[in-house]
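Shown next, in structure tokens, is the structure this report addresses.
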Amino acid sequence: MQHLKLLKIPPHFFSSSTPLLDGLETKIGEISYIIVWFYAPNSLNQNKLEPVWTSFVGIGCMWFMIFSSFFCVFYFGVKCYKKIMRKLKTSKMSSYYTKSIQQQLFQALVVQTLIPVFLMYIPVGVLFFFPMINFEVGSISSFVTATIAIYPAVDPLPTMFIVETYRKTLMCGCKNERKGIVEDGAELQN
């Protein structure tokens, strides 16, 4: 049985310019988990915790990247939607089918944008937020692993169910498989 190795990186390590594993006498293949220290024992009073500001700055940078990506997705998504709708209204070649497929694709794109928000960004954000306020998360943190693991399986579903041609093909395929099973079962009974 392989044992998990936990690498606790001292707070002063992040203020130096050395690469992550230099000086820690370990190999990357031996590490299972890396933690962030938000609070370290006080050098004078070991029972008192004091904040590790470099960790807060690092996580602040992560929050900035998350919120800036949200802003970009929202801003450019609205701009794209307005431009597509304006072009479809003024276009003489636009058919009902073209407008319908554009609307369906946009709806699928919106839902596909919301899936990682609820399955990755929010759970990981909460997982980082609670230790920042010195609140024990405990076994609830395993929920985050599950949501991240199911993301690749859930991500293509909006396109498959929102876009009508995909949905009809999927449903017809399911009906044909059921029909084949029923026909095979009927042949076996005869």
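The values are calculated or read from the model by the stated rules, or taken from the named source; none is laboratory data. Since the structure is predicted, the reported quantities are computational estimates derived from the model, not experimental observations. Quick reminder, even Gly has a Cβ in these numbers, built from the backbone with ideal geometry, and neighbours come from all protein chains shown. These area figures cover heavy atoms from the full protein model, side chains too; ligands, DNA and RNA do not enter into them. Shrake-Rupley method; radii C 1.70, N 1.55, O 1.52, S 1.80 Å.
A few remarks follow.
- A straight chain from Leu157 to Thr169 at 0.36 nm per residue would run longer than the Cα-Cα distance by 3.0 nm.
- Radius of gyration and Dmax over the Cα atoms of the stretch 74-121, both given in Å: 12.9, 42
- Counting only protein chain heavy atoms and rolling a 1.4 Å probe, the accessible areas of Trp37, Trp53 rank, largest first, as Trp53, Trp37.
- Amide hydrogen neighbours beyond the local backbone of Ala40, cut-off 5 Å, H modeled: Glu50, Val52
- In this simple spin-label approximation, Val137 and Trp63 carry label points 7 Å from Cα along the Cα→Cβ vector, and these lie 1.5 nm apart.
- Carbon plus sulfur fraction of accessible area for the stretch 74-185, probe 1.4 Å, in percent: 69
- On the principal axes of its alpha-carbon atoms, the stretch 74-185 has extents of 59, 55, 12 Å, going from largest to smallest.
- Computed with a 1.4 Å probe over protein heavy atoms only, the accessible surface of the stretch 74-185 comes to 74 Å² per residue.
- A Förster distance of 45 Å, applied to the separation of the beta-carbon atoms of Cys72 and Lys48, puts the FRET efficiency at 0.60.
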